[in-house]
Amino acid sequence: MVEAARREHGVLAYQRFVSADCKLVLVYERYADSAAALAHLRQFEKNFAKRFSEMAERTRFTVLGNPSDELRALLDGFGARYLKPFGDFAYWI
């Protein structure tokens, strides 16, 4: 999955974190825009979703930012929760 994501346009961050007891994995992904996230999710579904779902139980899916309507429609299928930016703060990478 990492090698595939590395070749995708618009992937800014693709990180995995695991608890000491290996029972919790946090997946952090960041994309340049909704189009890049959509492209990634389509590739994930095609190539990895079945195997991934056999390895891990998704308990939470939180989306930060303002996804496009098309991306939101896809993410809704994962039971996504959405958090939008708070206020007019300047954000940086």
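The values are calculated or read from the model by the stated rules, or taken from the named source; none is laboratory data. Values in this document were obtained by computation on a predicted structure and should not be read as measured data. With ideal geometry, Cβ positions are generated from the backbone for all residues, glycine too; neighbour counts draw on all protein chains shown.
General remarks:
- Among the residues of the stretch 1-24, those that are surrounded by 13 or more Cβ atoms within 10 Å (Cβ to Cβ), in contact (Cβ under 8 Å) with a residue 24 or more places away in the chain and not acidic (Asp, Glu) comprise MET1, ALA4, ALA5, GLY10, VAL11.
- For ALA56: the one exception among (1) at pLDDT 95 or above; (2) in contact with a strand residue (DSSP E or B) (Cβ under 9 Å, 6 or more places away or on another chain): (1)
- Residues of the stretch 37-93 that are of a type in the set (Phe, Trp, Tyr), surrounded by 10 or more Cβ atoms within 10 Å (Cβ to Cβ) and either more than 12 Å from the chain's Cα centre (by Cα) or in a strand (DSSP E or B) (or both): PHE48, PHE52, TYR82.
- Check on GLY77, under 18 Å from GLN15 (Cβ atoms) and at pLDDT 90 or above: no
- Matching residues in the stretch 19-35 - criterion: being over 18 Å from GLU57 (Cβ atoms) and either among the β-branched types (Val, Ile, Thr) or in a helix (DSSP H, G or I) (or both): SER34, ALA35
- PHE44 vs. criteria within 25 Å of PHE86 (Cβ to Cβ) and at pLDDT below 95: no
- Being among the acidic types (Asp, Glu) and touching a residue at least 12 places away in the same chain (Cβ under 8 Å) is a property that ASP33 has.
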